[in-house]
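Below: one structure, written as structure tokens.
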Amino acid sequence: MKVILVSAVALIDVDGRVLLAQRPEGKSLAGLWEFPGGKVEPGESPEAALIRELYEELGIETWKSCLAPLTFASHAYDDFHLLMPLFACRRWEGTPQAREGQVLKWVRPAEMRQYPMPPADLPLIPILRDWL
């Protein structure tokens with residue numbers, strides 16, 4: 001089974017809320033809420049992928065020094081296995097904006113269960129809730 005490496009981030013605002021993005025129509029798992037991020041390209045580190053994806057998807061800039069490894073997800077989907085490091089980030093430049101048609105929402109970790117998420121993301125919720 002093919003392993004796909006995806007880097008994700010819990011962007012945490014001053015009120016302790018985390019940014020979730022809703023997958024747009026036409027993408028796999030459309031309508032589900034997820035942590036921002038994306039696929040790690042060949043030769044790219046998870047941190048570099050995240051910095052690139054945050055700029056492309058949300059129009060914000062951050063730095064490797066602001067990305068703290070928090071936990072990871074390991075989940076077998078039907079046709080691939082997802083390995084997803086989740087970083088925590090409290091410092092970035094700019095205001096997150098939906099640049100790829102996704103809906104964005106700042107959510108308290110205790111309320112995340114109200115948002116349908118991909119199976120790989122669900123085990124990350126209690127970790128975030130306990131950490132924040």
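Key figures for this structure:
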item: Lys, Arg +1 and Asp, Glu -1 on Cβ, resulting dipole of segment 3-131 about Cα centre, debye, nearest 20; result: 340
item: Within the chain, longest stretch clear of exposed chymotrypsin sites (Phe, Trp or Tyr not before Pro) (DSSP loop, no more than 16 other Cβ within 10 Å); result: 1-62
item: Qualifying GluC sites (Glu not before Pro) for segment 3-90 [loop in DSSP, other Cβ within 10 Å: at most 16]; result: E25, E44
item: Cβ-Cβ FRET estimate between H75 and Q114, R0 fixed at 22 Å, reported to 0.05; result: 0.55
item: Relative exposure of I51, I127, judged by other C-beta atoms within 10 Å (fewest first); result: I127, I51
item: Förster radius 22 Å - calculated FRET efficiency between E93 and I127 (Cβ-Cβ, nearest 0.05); result: 0.25
item: Label-to-label distance, nm, for residues given as E56 and K2 (7 Å Cα→Cβ offset); result: 1.6
item: Antiparallel DSSP beta bridges within the chain, as percent of all bridges there, nearest 5; result: 75
item: From phi via Karplus (6.51, -1.76, 1.60), per-residue ³J(HN,Hα) for segment 76-87 in Hz, x at Gly/Pro; result: 8, 8, 4, 10, 7, 10, 9, 10, 9, x, 10, 9
item: Reachable lysines from K39, criterion Cα separation under 16 angstrom, eight or more residues apart if same chain; result: K2, K27
item: Projected-area average for the chain over all orientations - Cα convex hull basis, square nanometres; result: 7.6
item: Exposure proxy ranking, count of Cβ atoms within 10 Å, fewest first, for C89, C66; result: C66, C89
item: Residue exposure sequence - V107, V3 - by fewest surrounding Cβ within 10 Å; result: V3, V107
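Readers should treat all values here as calculations from the given coordinates under stated rules, not as data from a laboratory. Because the structure is predicted, anything quoted here is derived from the model rather than measured. As a convention, Cβ positions derive from the backbone with ideal geometry for all residues, glycine included, and neighbour counts pool all protein chains shown.
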